[in-house]
1. Might you report the magnitude of the Cβ-based charge dipole of the chain about its Cα centre, with Lys and Arg at +1 and Asp and Glu at -1, to the nearest 20 debye?
2. Which ³J(HN,Hα) values in Hz, rounded to whole numbers, follow from the phi angles of region 43-48 under the Karplus curve 6.51 cos²θ - 1.76 cosθ + 1.60, where θ = phi - 60° and Gly and Pro get x?
3. Mean residue ellipticity at 222 nm from the helices of the chain, using -39,500 (n - 2.57) per DSSP H segment of n ≥ 4 over the full residue count, to the nearest 500 deg cm²/dmol?
4. Rg and Dmax of the chain, using alpha carbons, in Å: what are they?
5. Once phi is turned into ³J(HN,Hα) by the Karplus curve 6.51 cos²θ - 1.76 cosθ + 1.60 with θ = phi - 60°, what whole-Hz value does each residue of region 22-39 show in order, with x for glycine and proline?
6. Could you give me the ³J(HN,Hα) list for region 55-62, computed from phi with Karplus coefficients 6.51, -1.76, 1.60 and θ = phi - 60°, whole Hz, x at Gly and Pro?
7. Length gain on complete extension for the stretch LEU65 to LEU36, per 0.36 nm per residue less the alpha carbon to alpha carbon distance?
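Here, each number is a calculation from the coordinates, and none is a lab measurement. Only a predicted model underlies this, so the values are computations on that prediction, with no experimental measurement involved. Every residue, glycine among them, receives a Cβ derived from its backbone with ideal geometry; neighbour counts consider all protein chains shown.
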Amino acid sequence: MQAATTIYIREDLKDQLTTLKRHPKESYNDVIERLLTLATDEEPLSEETLAGLEESLEDVRNGNLISEKEIMKKYGVK
């Protein structure tokens with residue numbers, strides 16, 4: 001088992017880390033590790049990928065969402 005350490009961060013940074021959790025029980029260690037992986041990724045996103053992300057974010061902002069229930073009904077999943 002790896003040794004653990006305690007770090008001090010501002011409350012607002014902790015709140016930001018909390019919002020980045022993929023699920024409520026994900027550890028801060030996992031969130032930070034994921035962020036570091038993204039930050040050190042040497043392959044930048046393509047213009048096409050960035051445009052797709054912007055389009056998706058705009059859909060979310062405009063409420064253009066399909067619920068899980070609607071998708072399941074559409075594809076006959078019970």
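1. On the way: 11 positive and 17 negative charges, 149 e Å.
In total the dipole reaches around 720 debye.
2. Per residue, the Karplus-derived 3J(HN,Hα) values read 9, x, 5, 6, 4, 5 Hz.
3. Values: 4 runs with 43 residues, N = 78.
Helix-only estimate at 222 nm: -16500 deg cm²/dmol.
4. In order Rg, Dmax, the Cα atoms of the chain give 17.8, 49 Å.
5. 6, 8, x, 8, 5, 6, 4, 4, 5, 5, 5, 4, 5, 5, 5, 4, 5, 5
6. 4, 5, 4, 5, 4, 5, 4, 8
7. Working: separation 29, 0.36 × 29 = 10.44 nm, distance 2.99 nm.
Between LEU65 and LEU36, full extension yields an extra 7.4 nm.
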